[in-house]
Amino acid sequence: MVVVFGIKLFRKYHSTPEKAIWFYISIRNGPWTASRVTITRGRYYDKKYGQQYVVEGYKDRQTGMEVRFFYLKKNKNGLWEVTSTGTGP
């Protein structure tokens, strides 16, 4: 029962790039941090890492640095995954 719920929740939070980013931030810094970010699709697409998204308002808890650039791709199941993050494009 718990496993099925976990799979459904994972699918829900990876159905769009924005939800995948929100999930990523929530796991690392908590849902209160994720609720305060602004996510916009970037203009850049990298063959290796996927589509760029620009996130405003997220600082990594461990480094204290603002992480603004997220790259996402769809996995083989059609769900969005964060493939890379960083402070610069």
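Determine the sum of side-chain charges near K59: Lys and Arg each +1, Asp and Glu each -1, restricted to other residues whose C-beta is under 12 angstrom from that of K59.
Taking every other residue near K59 into account, the sum is +1.
Starting at 0 and stepping by 5 Å, how many percent of the alpha carbon pairs of the chain end up in each bin?
Computed distribution, short to long bins: 3, 15, 24, 25, 18, 10, 4, 1, 0.
How many lysine pairs in the chain, separated by 8 or more positions in sequence or lying on different chains, have Cα atoms less than 27 Å apart?
Close lysine pairs under the 27 Å cut-off: 26.
Expressed as a whole percentage, what fraction of the accessible surface of the chain belongs to carbon and sulfur atoms when a 1.4 Å probe is rolled over the protein heavy atoms?
Carbon and sulfur together cover 57 percent of it.
Under a 1.4 Å probe, what is the accessible area of the chain per residue, stated in Å²?
Counting only protein heavy atoms, the per-residue value for the chain is 69 Å².
In terms of solvent-accessible area of protein heavy atoms at a 1.4 angstrom probe, what is the ranking of R43, R36, highest value first?
Descending accessible area places them as R43, R36.
Please work out how much accessible surface K59 shows to a 1.4 Å probe, ignoring ligands, DNA and RNA, in Å² rounded to 10.
Roll a 1.4 Å probe over it and K59 shows about 120 Å².
With every protein chain present, what accessible area does T85 have (1.4 Å probe, heavy atoms only), rounded to the nearest 10 Å²?
T85 exposes around 50 Å² with every protein chain in place.
The values are calculated or read from the model by the stated rules, or taken from the named source; none is laboratory data. What you are looking at is a predicted structure, and each value in this text was computed from that prediction instead of being measured. Here Cβ is always computed from backbone atoms with ideal geometry, including for glycine, and neighbour counts include all displayed protein chains. Keep in mind that these areas ignore ligands, DNA and RNA; they rest on the heavy atoms of the full protein, side chains included. Shrake-Rupley method; radii C 1.70, N 1.55, O 1.52, S 1.80 Å.
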